[in-house]
1. Within segment 436-453, does at least one residue satisfy the condition of being among the hydroxyl-bearing types (Ser, Thr, Tyr), closer than 20 Å to residue 397 by Cα and not in a loop (DSSP other than H, G, I, E, B)?
2. Would you please list the contacts, defined by Cβ atoms under 6 Å and residues six or more apart or on different chains, that run from a residue in segment 527-542 that is open to solvent by less than 10 Å² (accessible area, probe 1.4 Å) to a residue that is among the hydroxyl-bearing types (Ser, Thr, Tyr)?
3. For segment 623-709, give me every one of the helices (runs of 4 or more DSSP H) that falls completely inside it and has 1 or more residues that are surrounded by fewer than 17 Cβ atoms within 10 Å (Cβ to Cβ) and touching a helix residue (DSSP H, G or I) at 6+ places or on another chain (Cβ under 6 Å).
4. Out of the strands (runs of 3 or more DSSP E) lying entirely within segment 280-365, which hold 3 or more residues that are under 26 Å from residue 175 (Cα atoms)?
5. Within segment 337-379, which residues are within 23 Å of the chain's Cα centre (by Cα) and closer than 27 Å to residue 289 by Cα?
6. Output the residues belonging to segment 583-620 that are open to solvent by 10 Å² or more (accessible area, probe 1.4 Å) and assigned to a loop (DSSP other than H, G, I, E, B).
7. For residue 610, indicate whether it is of a type in the set (Ser, Thr, Tyr) and touching a residue at least 40 places away in the same chain (Cβ under 8 Å).
Amino acid sequence: MKAIWAERLSQEKNVTISFQLRLQVQKPLTLRMAASNLYRLFVNGDLIGYGPARAAEGYARVDEYIIPEAEETFLSVDVYSAQINSYYHMEEAPFFAAEIFADGQLIAEASDFTAYFRTERVQKVRRFSFQRTFSEVYHFTEDPARFCKGEREGSCPVETIEVPLPKILERGVPYPKLDRVPAQEIAGGEFESHMDDSEINSDDPFADIGKAVRDRAYAAIDQVKLKGFLPSELTEDPSAVIETYRYREMPCQPGRALAEGQYRLYDFGRTVTGFFSWHMTVEEAAEVYITFDEVLASNGMVDPFRNTCSNVITYTLAPGEYHLTAFEANSARYTALLAAKGKVCADTPGMILYENPEIEAFESHYEDPDWNLITKAAAHTLAQNGVDILMDCPSRERAGWLCDSYFSSRAEAFFTGQNKVEHNFLENYALCPPSPYLPKDMIPMCYPSDHNDGIYIPNWAMWYILELKNYAERTGDTKMLEQSRDKVYGLVRFFEAYENENGLLEDLDSWVFLEWSACNDADHTCGVNYPSNMLWAAALEAAGEMYGEPSWKEKAAAMKSMIRQLAWDGSFFVDNAMRNETGMLVNTGLLTETAQYYAFYFGIADAETYPDLFSLLRTRFGPSRDTTAVYPDVAPSNAIVGNYLRLELLIRYGFYDQCLEECRAFFLNMARMTGTLWEHSRLSSSLNHGFASMAAVYIAQCLKAQNDK
């Protein structure tokens with residue numbers, strides 16, 4: 001298989017190249033192809049493929065499509081190259097590789113395709129978010145669907161050259177079905193621009209809603225740690241325009257054309273992920289904005305910047321008919337169409353789903369409808385976060401985070417009976433080369449991704465070892481253990497450098513992360529952080545079991561004993577210890593609920609040896625605790641990992657009824673509001689987070705245990 005790219009565009013950021021080929025071979029065809037960063041495949045104008053499945057740096061996964069026999073077959077492959085660092089794609093050289101077979105014989109390859117530079121996508125735009133690459137802004141003078149069918153009058157080909165092809169891996173995971181689901185129109189009205197803050201009434205309750213994101217993704221572009229286009233370089237910045245809009249809902253007739261200053265609001269019924277799809281007829285040259293989010297703001301309208309993203313797709317359109325499909329996968333329950341200029345009539349919008357069909361097909365049949373609702377929301381959540389790797393969220397990041405994957409991988413096993421997606425996820429880690437930005441032997445906190453700023457989470461490397469052991473026990477895949485051996489041994493070497501005289505890790509570097517709560521404040525994580533040591537002791541023990549290293553298991557046992565001796569204050573396990581003036585370690589006295597869950601989960605404590613603490617945690621703590629009245633000096637837990645470890649501990653010790661009721665209290669409202677499960681328990685950040693799919697596993701385990709009694 002050979003790879004090619006546009007000769008003069010190999011260093012350009014944010015470009016799309018279309019590769020097209022017309023075949024008159026009246027036989028079924030097999031197309032094998034790979035590309036970077038993203039591609040979408042049209043056959044005779046129909047979207048039939050999107051990818052690729054992500055791979056480690058220096059590798060590429062090959063997709064294979066069977067194309068039915070036809071008198072003529074026209075292939076059009078749009079390949080998108082970002083050429084910047086992100087958590088979603090690797091910054092790597094762009095390429096397109098393809099082979100086409102008929103009756104087992106090679107009849108065409110990439111060099112037989114004709115390449116076109118798709119300048120309709122505006123190049124110099126802002127990043128979508130800190131974690132992802134660029135937002136989408138388009139200028140069309142005719143329907144892009146015509147181009148996909150080979151109607152390309154006036155388009156000039158670009159020269160291509162052969163480029164290096166990464167090492168090839170098979171896809172390994174299911175192909176998305178790319179089904180289209182419609183939205184329903186629920187409101188409409190008018191909007192107008194308030195050009196600066198002085199024009200906004202200070203009493204306006206919506207004055208702070210819709211402020212364009214000007215965080216590091218916008219202001220911290222330096223072309224080294226964070227690449228993109230500087231604010232001064234942007235050709236267009238629709239987000240800066242949309243933030244000035246104020247909306248007034250008005251009665252409107254569905255299906256009527258939108259004139260300048262009018263909008264329509266639509267609802268998919270639940271949060272979905274995929275590619276926005278619109279059919280529009282433009283009567284007067286128009287500029288339209290598509291905004292979207294998982295919930296509505298307090299003004300009843302979409303706030304496209306709520307989740308520190310620029311949830312805006314922009315189209316400038318000449319008069320005519322258009323079939324528009326966004327290139328990037330996005331997540332939304334609600335979407336709005338805003339006519340900033342001109343006059344446009346739009347049919348019902350749709351979303352072409354980009355999700356794992358094996359997970360989405362799962363159905364439960366519990367007697368209590370709440371369990372079915374939460375379980376279906378969990379399936380929606382994981383299907384959208386488990387297409388090619390295990391992701392955190394399909395919106396802001398689309399990143400393959402460790403720790404999150406420790407939970408979502410078990411949900412994948414529950415929903416599908418297999419771990420195909422986790423296999424790819426762990427294989428990518430096994431193959432990942434050393435990063436010039438990270439310390440020797442440390443692995444990325446999420447991958448495939450770029451970490452030019454040198455940030456890593458040492459704790460996530462510990463969760464990686466625990467997940468690897470779980471995966472091997474679930475699947476029997478000893479090959480993965482061998483592939484991953486160097487990574488695990490390297491991590492053991494890495495953490496040895498932080499051992500103090502007590503055999504505990506002290507003053508870990510970079511981003512020590514436990515969860516989003518007070519236990520992650522700097523005064524809790526500094527010095528000897530006991531929850532981090534609890535986690536490392538468990539990981540070291542797991543590593544010793546996987547690779548037959550008894551000395552690691554002995555060291556882990558010694559660590560656990562030392563933590564019991566040093567961290568226990570007679571009532572709780574404290575969070576950390578610091579050196580005093582004489583160099584002696586002294587406990588800080590800081591207490592968190594999460595530290596207690598770490599202790600029980602990782603075998604520092606159990607219900608038999610610490611019965612009073614366990615009883616207290618079970619009966620007085622949890623997400624519903626009034627933290628101002630009940631143990632106010634013990635900071636509460638957040639969703640991951642504290643509250644999830646709590647649920648697992650309730651199951652471990654047989655408190656199934658309590659676990660079920662806590663699941664109902666914690667997850668049911670999420671399932672009702674978005675049909676997905678959230679990063680936190682509040683309406684902030686991602687409302688569609690992969691690890692939350694574990695809710696279905698907890699419910700199933702409890703109900704099975706009750707039935708088995």
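1. No, every residue in segment 436-453 fails to be among the hydroxyl-bearing types (Ser, Thr, Tyr), closer than 20 Å to residue 397 by Cα and not in a loop (DSSP other than H, G, I, E, B).
2. If the second residue must be among the hydroxyl-bearing types (Ser, Thr, Tyr), the pairs left are 531/598; 534/598.
3. Helices (runs of 4 or more DSSP H) meeting the threshold: 656-674, 694-708.
4. 320-325, 330-346, 350-353
5. Answer for segment 337-379, where residues must be within 23 Å of the chain's Cα centre (by Cα) and closer than 27 Å to residue 289 by Cα: 350, 351, 352, 353, 354, 355.
6. Selection gives 583, 584, 588, 589, 590, 602, 603, 606, 607, 608, 609, 610.
7. In short, no.
Condition check ((1) under 26 Å from residue 224 (Cβ atoms); (2) modelled with pLDDT under 95; (3) open to solvent by less than 10 Å² (accessible area, probe 1.4 Å)) across all residues:
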residue	(1), (2), (3)
44	no, no, no
82	yes, no, yes
153	no, yes, no
156	no, yes, no
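The values are calculated or read from the model by the stated rules, or taken from the named source; none is laboratory data. This one's a predicted model, so the numbers in the text were calculated from it and none came from an experiment. Every residue, glycine as well, gets a Cβ built from its backbone with ideal geometry; the counts of neighbours run over all protein chains shown. SASA here: full protein model, heavy atoms, side chains in, ligands and nucleic acids out. Shrake-Rupley method; radii C 1.70, N 1.55, O 1.52, S 1.80 Å.
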